[in-house]
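First comes the structure, then the notes that go with it.
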Amino acid sequence: QVQLVEVGGGLVQAGGSLRLSCAASGRTFSDYVMAWFRQAPGKEREFVAAIGWSASITYYADSVKGRFTISRDNAKNTVYLQMNSLKLEDTAVYYCAVLKYYGARLVSEVDYWGKGTLVTVSS
């Protein structure tokens, strides 16, 4: 069993920045392919970014590419999401997740979920 706890959400103005953190416990963190998803009000949960066992391999949704950066610190069992140039449409609950395999993007391809943290972008 894996436990994921997200922190760092909050209220930020459009154009601002925010960093989310997700602490993992359970099996060896370095074995996990980690990801962030988000769910806006009234919308389906969607993929945001993922990072492989090596911190150098990442992939992103087109909507956040160039603005968001996913990273990990295996010594701290933590994955991060640095969000810059935030837009109103980035408002959502952000979820940390463990993917079944590298390359996955679908909700059905997630093994474990965190409980989420709310990010609200205001004008």
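Key figures
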read-out	value
Using a Förster distance of 30 Å, the FRET efficiency for residue 88-residue 54 (Cβ separation, nearest 0.05)	0.30
Relative frequency of Cα-Cα separations exceeding 25 Å in the chain, percent	15 percent
Residue 19-residue 100 FRET efficiency (beta carbon distance; Förster radius 30 Å; 0.05 resolution)	0.70
Formal net charge of residues neighbouring residue 80 (Cβ-Cβ distance under 13 Å; K, R +1; D, E -1)	+1
For the chain, accessible area per residue (1.4 Å probe, heavy atoms of protein chains only), Å²	50 Å²
Residue 27 accessible area, 1.4 Å probe, all protein chains in place, Å² to nearest 10	140 Å²
Sequence of 111, 62 when ordered by accessible area, the most exposed leading, probe 1.4 angstrom	62, 111
For region 53-70, 3J(HN,Hα) per residue [Karplus equation, 6.51 cos²θ - 1.76 cosθ + 1.60, θ = phi - 60°, Hz, x = Gly/Pro]	4, 8, 5, 7, 10, 9, 8, 9, 5, 4, 5, 10, 4, x, 10, 10, 9, 9
Accessible area in the full protein assembly, largest first, 1.4 Å probe, for 11, 99, 118	11, 118, 99
Within the accessible area of the chain (1.4 Å probe), percent carbon and sulfur	50 percent
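The values are calculated or read from the model by the stated rules, or taken from the named source; none is laboratory data. What you see is a predicted model, and the numbers here were worked out from it, not measured in a lab. Cβ sites come from the backbone with ideal geometry, for glycine too, and all protein chains shown count toward neighbours. When the accessible area is computed, the model is the full protein with side chains, heavy atoms only, and any ligands, DNA or RNA have been set aside. Shrake-Rupley method; radii C 1.70, N 1.55, O 1.52, S 1.80 Å.
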